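The values are calculated or read from the model by the stated rules, or taken from the named source; none is laboratory data. Model, not experiment: these values are computed from the prediction. Don't worry about glycine lacking a Cβ; one is built from the backbone with ideal geometry, like all the others, and counts go over all protein chains shown. The area values use the complete protein model at the heavy-atom level, side chains included, leaving out ligands, DNA and RNA. Shrake-Rupley method; radii C 1.70, N 1.55, O 1.52, S 1.80 Å.
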Amino acid sequence: IGHERHGIRIFVLCNHADCSYYGGSSGFSGFQEESRTYGDDLKKAAAILRERLPRIQVLAYISHKEQYKEGERFVFQEISV
């Protein structure tokens, strides 16, 4: 709808660590496996979007929390799609 009615050409896809849809972080052997799974799914979603809307740009990110001395922050890791 955004593309057709409003001319949106940039789509941002995001997944987050410890996602309950995937069973949380405990469902993976570690962050590397978790990140790879999320990245693969983001790539599939980007391919579907591009197939349906060939003239768009797709950006994809995985977010996770990091602890540091002042508290915590969210980090967004860009995934090449």
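Miscellaneous remarks
Residue-wise test of (1) modelled with pLDDT of 95 or more; (2) out of contact with any Asp or Glu (no Cβ under 9 Å at 6 or more places or on another chain); (3) not polar (S, T, N, Q).
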residue	(1), (2), (3)
Gly2	no, yes, yes
Arg9	yes, yes, yes
Asn15	yes, no, no
Tyr21	no, yes, yes
Gly27	no, no, yes
Phe31	no, yes, yes
Leu42	yes, yes, yes
Ala45	yes, yes, yes
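- Of the residues making up the stretch 60-81, at least one is in contact (Cβ under 8 Å) with a residue 60 or more places away in the chain and open to solvent by 40 Å² or more (accessible area, probe 1.4 Å).
- Matching residues in the stretch 51-81 - criterion: being of a type in the set (Asp, Glu) and in contact with a Cys (Cβ under 9 Å, 6 or more places away or on another chain): none
- Within the stretch 1-13, residues that are open to solvent by 90 Å² or more (accessible area, probe 1.4 Å) have Cβ atoms under 9 Å from residues that are among the polar types (S, T, N, Q) in these pairs: Arg9/Gln57; Ile10/Gln57, counting only partners at least 6 apart in sequence or on another chain.
- Enumeration of residues in the stretch 32-50 that are touching a residue at least 24 places away in the same chain (Cβ under 8 Å) and open to solvent by 90 Å² or more (accessible area, probe 1.4 Å): Lys43
- From the options Glu51, Glu34, residue that is in contact with a Ser or Thr (Cβ under 9 Å, 6 or more places away or on another chain) and assigned to a helix (DSSP H, G or I): Glu34
- Scan of the stretch 14-24 for residues that are of a type in the set (S, T, N, Q) and open to solvent by 40 Å² or more (accessible area, probe 1.4 Å), ordered by number: Ser20
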